[in-house]
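Beneath this line is the structure, given in structure tokens, with notes to follow.
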Amino acid sequence: MNEVVLCGFLGKDWEVSQGKKELLAKNSLAITTITKKANEEIKHTDWIPLVVFGTNRVNALANYLKKGDKFLCKGRIFTSVYEDENQNKRTGFQVIVDNFEFVHQKEKQNIDHQATKEDNSVENFAQTDNMEEETF
């Protein structure tokens with residue numbers, strides 16, 4: 001089973017582009033872990049690359065979630081092998097987001113960017129969009 005659930009903060013605004021078959025969006029998710037060692041707090045932040053496919057999903061994310069917003073998603077890990085500038089083989093990964101939730105936005109953001117119960121079409125974007133995966 002290849003399934004991952006992540007919750008963190010968006011590292012930037014969504015980068016939206018047209019893929020071969022459909023719209024896609026990329027971002028990175030910051031997840032900070034705090035450990036204590038000898039009465040000292042040590043913070044470590046992992047940056048997880050995210051990719052979302054599908055026009056409805058991409059539009060919802062680009063319109064409602066911005067840099068610094070909390071983001072909860074469920075997806076799967078996609079790995080790829082590539083050569084760097086020195087012809088060394090490297091392995092990269094991305095999380096292909098299948099479902100997501102609007103968790104909580106920055107307090108300073110305008111209330112107009114938040115989804116409401118009356119406009120539940122935005123909430124349904126994450127679950128109703130039939131997406132076709134493409135190679136990127």
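The values are calculated or read from the model by the stated rules, or taken from the named source; none is laboratory data. Note that the coordinates shown come from a computational prediction; the quantities given were computed from them, not determined experimentally. Please note that ligands, DNA and RNA were not included when accessible areas were found on the heavy atoms of the full protein model with its side chains. Shrake-Rupley method; radii C 1.70, N 1.55, O 1.52, S 1.80 Å.
When the C-alpha to C-alpha distance is required to be over 20 Å, the pairs from K26/K66; K12/K70; K21/K89 that qualify are K21/K89. Note on surface exposure: K66, K37 rank K37, K66 by accessible area, highest first, 1.4 Å probe. Counting only protein chain heavy atoms and rolling a 1.4 Å probe, the accessible areas of F9, F53 rank, largest first, as F9, F53.
Taking amide H as placed 1.01 Å from N in the peptide plane, G54 has its amide H under 5 Å from the amide H of L23, each at least 5 places away in sequence or on another chain. For R76, R57, R90, the ranking by accessible surface with the largest value first comes to R90, R76, R57, using a 1.4 Å probe.
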